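Peer 1: Below: one structure in structure tokens.
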Amino acid sequence: AEPKDKEGPQVDIKINDSNGKIIRSFKAPARMGLNRAAWDLKMDAFKEPPRDEAERFREPSGPEVLPGTYGVTVAYKDNEAKGQVKVVGDPRYKISDADRQANFDAVMKAGKVQELATAAIERISNTQSDIDVIQKKIDALEKDWKRQNPDKKDSPYKTLTDAARALKKDLSAQEKKLWT
């Protein structure tokens, strides 16, 4: 869980699986005396495409972990404490280990697809930004050319400008497919 008070000292908490891979990272307030932090038994969220929306009410979280033993590291400045925690399945749900694993595997596979789509959307966005920068340079060159050649109508930059416009349109179409 993310701390409500983001001011003041904080500890870094990392949860790792049995292979030592960090699956969750978060911060919690650090005050003199006894401190308490809660892990929601979830992994870090899968990467999502950037959105133009207001700050979220709650940070996105990833899938719930499977039952098992997880390592916990709490770090503050140069100090570090390690321990383990055993996660058990919710006793209210009678589900076999195989079904629980199959569900987890399906969620992880969907999350990986989401992350691939996110990476593609980010690459498209970066490429569109690069095209915009190049187009501004072309516009400046074309402006100079028109000043030097007021009697000519066919700009030598028209083909390049048209190609850039067409590429941006194609990239937008591909990005739209990824969003849907």
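Peer 1: Strictly over 29 Å apart at the Cα level, which of K109/K168; K112/K177; K136/K176; K47/K86; K42/K82; K27/K86 would you flag in this model?
Peer 2: Violating the 29 Å Cα-Cα cut-off are K109/K168.
Peer 1: Output the 0 to 90 degree angle, nearest 10, between the alpha-carbon long axis of helix 97-148 and the longest principal axis computed from the alpha carbons of the chain.
Peer 2: On a 0 to 90 degree scale, this one is about 30.
Peer 1: Which value in Å is the Kirkwood Rh of segment 111-152 over different Cα pairs? Let's see the in-between values first.
Peer 2: Details: mean 1/r = 0.0792 Å⁻¹.
This gives a value of 12.6 Å.
Peer 1: With viscosity set to 0.692 mPa s at 37 °C, what whole-number translational diffusion coefficient in µm²/s follows for segment 90-180 from Stokes-Einstein and a Kirkwood radius over Cα pairs? Display every interim value, and only then the final one.
Peer 2: Details: Rh = 17.2 Å.
For the chosen part, D equals 191 µm²/s.
Peer 1: For Q10, enumerate residues with amide H under 5 Å from its amide H, sequence gap 5+ or separate chain, H modeled in the peptide plane.
Peer 2: Amide H neighbours of Q10: A30.
Peer 1: Please check: in the Gaussian network model of the chain (C-alpha springs, under 10 Å), which one of V11, V85, V107 has the largest mean-square fluctuation.
Peer 2: Of the options given, V85 has the highest mean-square fluctuation.
Peer 1: Same structure again: What FRET efficiency comes out for the pair A37/T118, r = Cβ-Cβ distance, R0 = 30 Å, nearest 0.05? Each step should come with its number before you reach the end.
Peer 2: On the way: r = 28 Å, r/R0 = 0.95.
Calculated value: 0.60.
Peer 1: Mind pulling the per residue volume of the convex hull built on the Cα atoms of segment 8-106? Å³ is fine.
Peer 2: Working: hull volume 16.2 nm³, N = 99.
It is 164 Å³ per residue.
Peer 1: By how many nm would the segment from S125 to K21 lengthen if fully extended, with 0.36 nm per residue of separation less the alpha-carbon distance?
Peer 2: Details: separation 104, 0.36 × 104 = 37.44 nm, distance 3.04 nm.
Computed gain between S125 and K21 is 34.4 nm.
Peer 1: Shape call for segment 54-117 from the C-alpha gyration tensor, a ≥ b ≥ c root eigenvalues: rounded (a/c under 1.5), prolate (a/b greater than b/c) or oblate?
Peer 2: Working: a/c = 2.03, a/b = 1.18, b/c = 1.72.
In terms of gyration-tensor shape, oblate.
Peer 1: Would you check the accessible area of D151, probe 1.4 Å, heavy atoms only, in square angstrom rounded to 10?
Peer 2: That residue has around 130 Å² of solvent-accessible surface.
Peer 1: Follow-up. Loop-only trypsin sites (Lys or Arg not before Pro) in segment 99-180, please: DSSP not H, G, I, E or B, and at most 12 other Cβ atoms within 10 Å. Mind dumping the intermediate values first?
Peer 2: Working: sites: R100, K109, K112, R123, K136, K137, K143, K146, R147, K152, K153, K158, R165, K168, K169, K176, K177; in loops: K152, K153.
Passing both the DSSP loop test and the Cβ count: K152, K153.
Peer 1: Next question, about the same structure. Select from Q101, P156, T118 the residue farthest towards the positive end of the dipole of segment 97-156; place +1 on Cβ of Lys and Arg, -1 on Cβ of Asp and Glu, and compute about the Cα centre.
Peer 2: After comparing all options, I get P156.
Peer 1: Another question, if that's okay. Per 10 Å bin, what is the whole-percent P(r) computed from every C-alpha pair distance within segment 128-180?
Peer 2: Once binned at 10 Å, the Cα pair distances of segment 128-180 give 23, 41, 23, 10, 3.
Peer 1: Over the Cα atoms of the chain, how large are the radius of gyration and the largest Cα-Cα distance (Dmax), in Å?
Peer 2: 25.5, 83
Peer 1: If you roll a 1.4 Å probe over the heavy atoms of the protein chains, what accessible area per residue do you get for segment 34-128, in Å²? Write out the running numbers ahead of the final one.
Peer 2: Values: 7260 Å² over 95 residues.
For segment 34-128, the per-residue accessible area is 76 Å².
Peer 1: May I pose another question? For the pair D12 and D78, how long in nm is the line joining their label points, each one 7 Å along Cα→Cβ?
Peer 2: 1.6 nm
Peer 1: Ignoring ligands, DNA and RNA, what percent of the accessible area of segment 26-113 is carbon or sulfur (1.4 Å)?
Peer 2: Details: 3670 of 7000 Å².
Within segment 26-113, the accessible surface is 53 percent carbon and sulfur.
The values are calculated or read from the model by the stated rules, or taken from the named source; none is laboratory data. On a predicted model such as this, the values are computed, not experimentally measured, just so you know. Please note: Cβ atoms are built from the backbone with ideal geometry, for glycine as well, and neighbour counts cover all protein chains shown. When the accessible area is computed, the model is the full protein with side chains, heavy atoms only, and any ligands, DNA or RNA have been set aside. Shrake-Rupley method; radii C 1.70, N 1.55, O 1.52, S 1.80 Å.
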